[in-house]
Amino acid sequence: MPRKGTRKTVAKAADIRTVAALAKVSIATVSRTINGSPAVSDRLSKRVWQAIEQLNYFPNTHARSLVSGRSRLFGIIVENITNPFFPELIQSFEEVAVANGYEILVSSSNSDPAILTTCVRRMLERKVEGVAVLTFGEEEPVLDQLAHHNVPLVLAEFKLDDPKSSTILLDYSTGFKAAVRHLVGLGHRKIAFLAGPHTLHSAITRENDFRNAMQEAGLPVDPASVIVCDHTLRGGVAGFEKLQTLGTRPTAVICSNDMTAIGVLRAGYMKGLRVPQDLSVVGLDDIDFCEFTLPPLTTIRLSRTDLARASFDALRQQAEAAPAAQIQREFLVSTSLVIRESTAPPGWV
């Protein structure tokens with residue numbers, strides 16, 4: 001005979017009326033609080049959020065968007081999720097978005113224009129209020145697609161003549177000048193550069209800023225010592241192998257990103273070359289791994305937090321601005337040098 005059980009009573013899910021009653025405010029005040037309206041005082045907002053937490057209330061975001069006409073959803077597209085810089089950037093972007101009452105939709109182009117086009121279409125279908133395309137040189141295939149839908153747009157290092165677009169400019173120059181000065185101060189004169197693919201305008205900008213920094217320091221740039229490679233670990237290995245074929249080998253190398261630099265560290269280790277005694281190595285980005293490489297990597301720091309904040313602020317400004325409002329179209333993110341243990345005087349023991 002089947003065992004008889006007792007059916008548990010499931011508590012009725014809280015709704016906006018329950019929240020309003022517990023917080024002793026109007027339903028409209030609860031709605032404004034959830035939607036981040038500045039019209040609600042801090043005192044009332046605190047009461048509403050305490051009631052929401054106590055009742056375990058989950059606002060119906062779909063219903064909210066239908067009523068308000070806003071999704072409060074931003075898209076962010078990055079180049080390659082396997083590069084730690086981009087997950088760290090996404091995390092920073094999400095933190096600032098959530099803190100301001102927004103959600104994010106994330107996609108990675110994987111350096112494929114077809115995938116990038118699909119990413120954008122998916123975001124437009126979800127009615128995003130803006131898209132941050134942080135692919136650093138791969139955005140051109142989808143610019144017309146985004147402009148046609150009149151979606152606020154943020155681009156890294158790419159200016160678009162469109163009132164709905166903003167640009168994040170990255171001050172690589174300061175970082176490269178600091179890196180070259182640091183190496184020159186250690187006694188280096190033969191400094192190589194592992195550049196990124198010339199299909200990326202960000203890679204071209206970094207190479208130009210390296211050349212300018214060398215010129216300012218009064219050092220010639222040997223054309224053979226500027227080697228183009230992928231922004232990957234294997235790209236760094238390949239770049240290192242080409243450096244070893246030079247008639248006059250450099251005593252230091254600056255890399256276009258940290259993944260390339262870490263590839264150089266690995267390749268040097270496999271060849272029995274000592275870093276920094278035989279070769280000083282400098283990266284660019286300052287991903288979290290840089291503190292844990294052997295030796296810890298000296299690098300030009302590009303703050304993901306600052307880049308994420310600037311990108312979010314640019315999107316929110318456009319999404320929330322009145323039709324005739326003047327908005328900031330350009331944002332600048334600075335760089336700085338983080339000195340660790342992968343740089344030393346030539347031949348240092």
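The values are calculated or read from the model by the stated rules, or taken from the named source; none is laboratory data. Every value quoted in this text rests on a predicted model; they were computed, and no experiment measured them. Don't worry about glycine lacking a Cβ; one is built from the backbone with ideal geometry, like all the others, and counts go over all protein chains shown.
For the structure I just gave you, tell me whether residue 120 is surrounded by fewer than 17 Cβ atoms within 10 Å (Cβ to Cβ) and modelled with pLDDT under 90.
On the way: surrounded by fewer than 17 Cβ atoms within 10 Å (Cβ to Cβ): no; modelled with pLDDT under 90: yes.
Spelling it out, it is not the case that residue 120 is surrounded by fewer than 17 Cβ atoms within 10 Å (Cβ to Cβ) and modelled with pLDDT under 90.
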Here are the criteria: (1) surrounded by fewer than 24 Cβ atoms within 10 Å (Cβ to Cβ); (2) within 25 Å of residue 114 (Cβ to Cβ); (3) in contact with a strand residue (DSSP E or B) (Cβ under 7 Å, 6 or more places away or on another chain). Tell me which single one residue 169 does not satisfy. (2)
Among 128, 96, 142, 151, the single one that is of a type in the set (Val, Ile, Thr) and within 18 Å of the chain's Cα centre (by Cα) is 96
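If only one of 92, 107 is more than 21 Å from residue 327 (Cβ to Cβ) and touching an Asp or Glu at 6+ places or on another chain (Cβ under 9 Å), which one is it?
Working: 107 fails: touching an Asp or Glu at 6+ places or on another chain (Cβ under 9 Å).
Going through 92, 107 in turn, just one is more than 21 Å from residue 327 (Cβ to Cβ) and touching an Asp or Glu at 6+ places or on another chain (Cβ under 9 Å): 92.
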Residue check: is residue 89 in a helix (DSSP H, G or I) and surrounded by fewer than 24 Cβ atoms within 10 Å (Cβ to Cβ)? no
Tally time: how many residues in the range 92-118 are hydroxyl-bearing (Ser, Thr, Tyr) and in a helix (DSSP H, G or I)? 3
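Take the conditions touching a helix residue (DSSP H, G or I) at 6+ places or on another chain (Cβ under 7 Å) and within 26 Å of residue 75 (Cβ to Cβ) and apply them to residue 117. Does it pass?
Against the criterion (touching a helix residue (DSSP H, G or I) at 6+ places or on another chain (Cβ under 7 Å) and within 26 Å of residue 75 (Cβ to Cβ)), residue 117 qualifies.
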Failed condition for residue 196, given (1) buried (at least 24 other Cβ atoms within 10 Å of the Cβ); (2) touching a strand residue (DSSP E or B) at 6+ places or on another chain (Cβ under 7 Å): (2)
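Mind listing whichever residues of the range 173-213 are of a type in the set (A, V, I, L, M, F, W, C), in a helix (DSSP H, G or I), under 26 Å from residue 135 (Cα atoms) and touching a helix residue (DSSP H, G or I) at 6+ places or on another chain (Cβ under 6 Å)?
We begin by selecting, within the range 173-213, every residue of a type in the set (A, V, I, L, M, F, W, C); these are 176, 178-180, 183-184, 186, 191-195, 200, 203-204, 210, 213.
Checking the rest, the ones that are also in a helix (DSSP H, G or I) come to 176, 178-180, 183-184, 186, 203-204, 210, 213.
Those left that are additionally under 26 Å from residue 135 (Cα atoms): 176, 178-179, 203-204, 210, 213.
Correct list: 176, 210, 213.
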Is it true that some residue in the range 219-236 is polar (S, T, N, Q) and part of a loop (DSSP other than H, G, I, E, B)? yes
When you scan the range 253-270, do you find a residue that is without any contact (Cβ under 8 Å) to a residue 12 or more places away in the chain and either of a type outside the set (Phe, Trp, Tyr) or within 30 Å of residue 131 (Cβ to Cβ) (or both), even just one? yes
